[in-house]
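Worksheet for the structure shown next.
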Amino acid sequence: MSQRSTGVSFFLHSSFFFLLLRPRPDSHSFSSFSSSSFSSSFSSSFSSSFSSSSLLVSFSQHSYNELGVVHFKLNEYEQAEECFKQVLALCKHLPQTLMLTWEATYCNLGHCCRKLGRLTEASKYYETALGLAPKRASTYTSLGFVQHMLGNLDGAIDHYHQALGLRPSDTFAAEMLKRALEEQ
């Protein structure tokens, strides 16, 4: 058995099926660990192997989210984006107060759009995430970075400052703030 098929088998058996059985949306530790271990150990695409196995089960929001994370870590940004969009489609019936659970999914969509060069779309996803969790420093950093890439230095500087106000130890925000100020 190849390393790729062993990795897919490991992921499917140790993470995916446990993920489907997990009753609470706030217990992500095992599946996140498995996804990280899988994607760092197996860098080749597993989409074709996975699709045949995925026909056997129905996907939940958690399953699509975890699969999106794996696709993202494998630099498969279009596939990751589709998975994250599916999460939100499955959650659209939830009241706004319960959407906080999926704030990270909006950030992940923003990351996908940024990687795909769709910076304005990325900004919209980050702004939606901030609407759900306005005290998340990493989202301000991400939004600042996208604004910086778009050439909106004033917006970037504002977002970097907000990020550093929430988490002064954010070295990326500090470095990017320094660069934005130098470019101004």
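Each value in this text was obtained by applying a stated rule to the coordinates, not by laboratory testing. Everything numeric here is computed off the predicted structure, so don't read it as measured data. Ideal geometry is used to build each Cβ from the backbone, glycine not excepted, and the neighbour counts take in all protein chains shown.
What list of whole percents do you get for P(r) of the range 55-107, with Cα-Cα distances grouped in 5 Å bins up to the one holding the largest distance?
4, 22, 29, 23, 13, 6, 1
Express the C-alpha Rg of the range 135-184 as a ratio against the empirical globular expectation 2.2 N^0.38 Å, rounded to two decimals.
Dividing the Cα Rg of the range 135-184 by 2.2 N^0.38 Å gives 0.95.
With point charges of +1 on the Cβ of Lys and Arg and -1 on the Cβ of Asp and Glu, referenced to the Cα centre of the range 135-184, which listed residue (H159, L181, H148) lies farthest in the positive direction of the dipole?
My answer, from the dipole projection, is H159.
Taking 0.36 nm per residue of sequence separation and subtracting the Cα-Cα distance, how much length would be gained by fully extending the chain between L153 and Q184, in nm to one decimal?
10.5 nm
Treat the range 91-184 as a sphere of radius equal to its Kirkwood radius over Cα pairs and apply Stokes-Einstein at 20 °C in a medium of 1.002 mPa s; give the translational diffusion coefficient in µm²/s, rounded to a whole number.
Answer from the Stokes-Einstein relation: 161 µm²/s.
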